[in-house]
Amino acid sequence: MKWLCFGAGAIGTYLGGSLALAGEELTFLEQPAALGELRSKGLRLDLRADKRRPSAETFILAPTSVRSCESLPEALEHGPFDAAVYALKSFDTAAAMDSMRPMAERMPPVVCFSNGVDNEALMKATLGEAKVIPATVTTAIGRRGPGDIVLERLRGVGISSKHPMSRRLLATANGALLNARAYSDPASMKWSKLLTNLIANPTSAILDMTASEVLNHPRIYQLEMAMLRECLAVMRALRIQVVDLPGTPVRALALAASLPAWASKPFLSKAAGAGRGGKMPSFHIDLHSGRGRSEVEYLHGAVARSGAAAGVSTPVNAFLTETLLALTRGEMRREEFARQPDKLLRAFHAGVHAA
């Protein structure tokens with residue numbers, strides 16, 4: 001197959017690089033700032049954590065083995081493509097759709113691995129329903145630089161079985177050792193992945209604490225549990241099922257959210273740490289890198305918006321979304337709640353009472 005891969009970030013490099021190693025033809029679309037390294041160094045994939053690989057060596061894909069382009073028109077000149085890998089941050093999707101809109105007819109079906117539950121709807125409005133394939137990735141990947149990644153923990157990918165290309169995509173993904181599984185209910189797949197992304201993510205960023213520190217604070221832990229229960233209530237209202245994802249027991253996570261702290265905390269602490277490898281939560285990375293953007297609006301914010309539409313109260317998700325966005329936009333000092341969990345809790349309760 002001929003693939004177009006949007007971005008050489010951690011997930012894009014892992015998915016695209018794995019496909020290239022399996023003999024697929026790849027064209028990467030990347031920002032000019034990272035393009036120089038891709039064109040001079042190619043891809044570097046440390047996949048030693050995958051014991052199925054025949055070699056313990058890090059795989060190097062020479063610049064000549066994968067094509068790199070800096071604009072969509074340039075990339076499409078090397079088509080037609082069979083499919084596209086899309087794993088950009090959710091806050092990049094609107095701009096990506098703006099770039100695709102004039103060339104929608106030339107676009108191949110897009111396999112959307114991005115976190116969040118709103119990306120596919122935005123893509124369908126631009127490209128048409130037939131060109132959007134929901135997907136998830138639960139494998140933990142670390143990024144060392146453009147096109148340079150390390151596999152931290154192999155889990156797998158989920159792909160909707162509702163598309164005419166699904167069977168072919170699954171076979172290709174498994175041929176590339178991506179450990180792919182088909183899901184007949186894409187909404188359940190995407191919302192279940194969203195549930196796993198919520199844990200200790202905004203609180204870590206707001207408090208400038210590790211996920212372990214967040215979950216070891218008894219009252220913040222209760223806030224985390226309330227946040228998960230809100231998401232589960234929204235899913236029930238929308239009649240969306242919790243499903244296990246490759247290597248990720250999401251149903252056990254949902255059950256843990258209903259248990260007392262002494263029973264749930266060991267499982268939740270392990271899930272929060274193992275799910276991200278050795279990295280800080282993504283919201284913390286985004287906030288403290290000064291990027292000025294956060295995916296919280298598309299994860300916890302999506303829970304709050306969907307809850308409002310379904311008549312489900314989601315005060316924790318709404319509060320964490322608003323607080324982190326204020327910090328991200330510079331409307332509040334980054335140090336406002338740094339290592340002050342009790343202050344954050346007071347602000348939450350004051351806001352609930354005021355409402």
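Since every read-out is calculated from the coordinates, none of them should be taken as a lab result. Every value quoted in this text rests on a predicted model; they were computed, and no experiment measured them. As a convention, Cβ positions derive from the backbone with ideal geometry for all residues, glycine included, and neighbour counts pool all protein chains shown.
Nearest-5 percent of antiparallel DSSP beta bridges in the chain? Walk me through the intermediate numbers first.
Working: 12 of 37 bridges.
Just about 30 percent of them are antiparallel.
Highest first, please rank the peptides 297-304, 279-286, 217-224 by the mean number of other Cβ atoms sitting within 10 Å of their residues.
Numbers: 297-304: 25.1, 279-286: 19.9, 217-224: 17.1.
So the peptides 297-304, 279-286, 217-224, ranked by packing, come out 297-304, 279-286, 217-224.
Please tell me which of these pairs span more than 25 angstrom C-alpha to C-alpha: 193/265; 162/279; 162/190; 193/270; 89/193? Show your work: numbers first, answer last.
Details: 193/265 20 Å; 162/279 34 Å; 162/190 14 Å; 193/270 17 Å; 89/193 15 Å.
Correct reply: 162/279.
More than 22 Å apart: what percent of Cα pairs in the range 40-129 qualify?
Values: 1725 of 4005 pairs.
In whole percent, the long-distance tail amounts to 43.
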- Query: What nm value, rounded to one decimal, do you get for the distance between residue 94 and residue 130 when each label is placed 7 Å out toward the C-beta?
  - Reply: 3.0 nm
- Taking r as the C-beta separation of residue 1 and residue 103 and R0 as 22 Å, the FRET efficiency to the nearest 0.05 is 0.65
- Task: Can you pull the one-decimal nm distance between simple spin-label points at residue 293 and residue 49, each 7 Å off the Cα toward Cβ?
- Result: 2.5 nm
- Query: Under a 5 Å amide H to amide H cut-off, with H placed in plane at 1.01 Å, what residues pair with residue 208 once short-range neighbours are removed?
  - Reply: 339
